[in-house]
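Where a number appears in this text, it was derived from the coordinates with a stated rule and is not lab data. Please read these numbers as outputs of a predicted model, since none were measured by experiment. When we count neighbours, we look across all protein chains shown, and the Cβ atoms used for this are built from the backbone with ideal geometry, even at glycine.
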Ligand code: BG6
């Protein structure tokens, strides 16, 4: 008999509003951060000295504007999730559907009503929604007016958004996440939190300021959620993947530890309710002063998360050797030293199923809180065969090995794991590249990188495979 998980395990899939909804100007929606992020070489318009485009032009294509049009297809899509037996659907809310500019007094009822329909559709099939409040998303108006998360007033706008959605959906949504991949702020500062650097502005200082404001906002949101919904669970979300030292030379081990701390910093605070000593020392060393206010420490303490959510696509590796360190490759938005023992996906993300078990154990050892794998999957190109089928064995193999490793962590190591929501059950726009051809789905969507296609949905081979995995709670993986 193969190992399997218990029946309450939350199997499912994860998406984000900005990558799937489309309908960017329907239902009273305002312009969100990703709506001004084009496809192509100008996609990440952030670095100091580079022109930052905060307006839409007609020279670029903007993939979020239509995306996969989940806005109009959600019933069909959720029905397919239900057909696979999903117990959980992780999704995010578009801030600008609810507060188009972010600073209005009253929310947009049409936006709220849309998500009522989405949740009702999930609950009809007994699928638990797991909702990310902010997944690489915020009103462009708040970037232009306040400089986004650099400005402390963002905390109030975010909390207003939270209060509105917690009150509205308290009987429909039990699981929440405050920020998607909060540590991505270090790597994709514009996409993750709207950071635009002014001339002469110190990048490190600006990032820490954004981080501090997001951490305070997150803690306030957790407390508020618990007051409004005493039975809810609120998590943080880490772009996860443990860091390996390139060799066992102590200098490499130390380097990997330091890099890993930079990664953990955010959720150390969200989970423990205070800044870790190492981070305080870093701030001191860099002469960075944050805008601490009288009760910030108390707020952080009162708003610790209930679970640790994380994404896992690959492990990472670091070294103190300055020659090897030049040989870096992608690991999600991170740059990692190439690990000679691993193969990589077409986009250079190194594939390491055992790394998932290692990461699960590392996170549980560190935090002693329930974990939730809220993203894991393979971005790959798919081809449709003559008979119309999509034989994505590479995706099945990636998921199989990762799920095996996850089950080992639970069954063999005793890691408490709430669920697994694959990224993404349906093809959608890639966050980093804006491509459609970087497909993660077990459901295919007919659309190409130039934005053309019928949007027709199609079940891939992996659809039927994942259905069986869920049906057997992971016992049948072949
Ligand atoms: C995670 C994000 O970093 O990775 C998702 O939370 C993203 O939004 C996913 O889509 C995969 O990355 P990409 O760049 O291949 O879409």
Report summary line: The one condition residue 136 fails out of (1) under 30 Å from residue 259 (Cα atoms); (2) touching a residue at least 40 places away in the same chain (Cβ under 8 Å); (3) more than 16 Å from the ligand (Cβ to nearest atom); (4) part of a loop (DSSP other than H, G, I, E, B) is (3)
Query - From the options 411, 415, 429, residue that is over 16 Å from residue 307 (Cβ atoms) and more than 15 Å from the ligand (Cβ to nearest atom) - result: 411
**Report entry** Number of positions in region 339-365 that are outside any helix (DSSP H, G or I), farther than 21 Å from residue 252 by Cα and within 16 Å of the ligand (Cβ to nearest atom)
**Finding:** 7
Requested in this report: Go through region 86-130 and give me each residue that's at positive phi and surrounded by fewer than 24 Cβ atoms within 10 Å (Cβ to Cβ).
Outcome: 126
Report summary line: Only unsatisfied item for residue 381, checking (1) away from the ligand (no atom under 16 Å from the Cβ); (2) more than 18 Å from the chain's Cα centre (by Cα), is (1)
Report task. Please enumerate the residues belonging to region 258-286 that are away from the ligand (no atom under 16 Å from the Cβ) and either farther than 30 Å from residue 298 by Cβ or touching a strand residue (DSSP E or B) at 6+ places or on another chain (Cβ under 7 Å) (or both). Result -> 259, 260, 270, 271
Query raised in the report: In the set 437, 424, which member is surrounded by fewer than 22 Cβ atoms within 10 Å (Cβ to Cβ), in contact (Cβ under 8 Å) with a residue 24 or more places away in the chain, within 16 Å of the ligand (Cβ to nearest atom) and within 16 Å of residue 395 (Cα to Cα)?
Result: 437
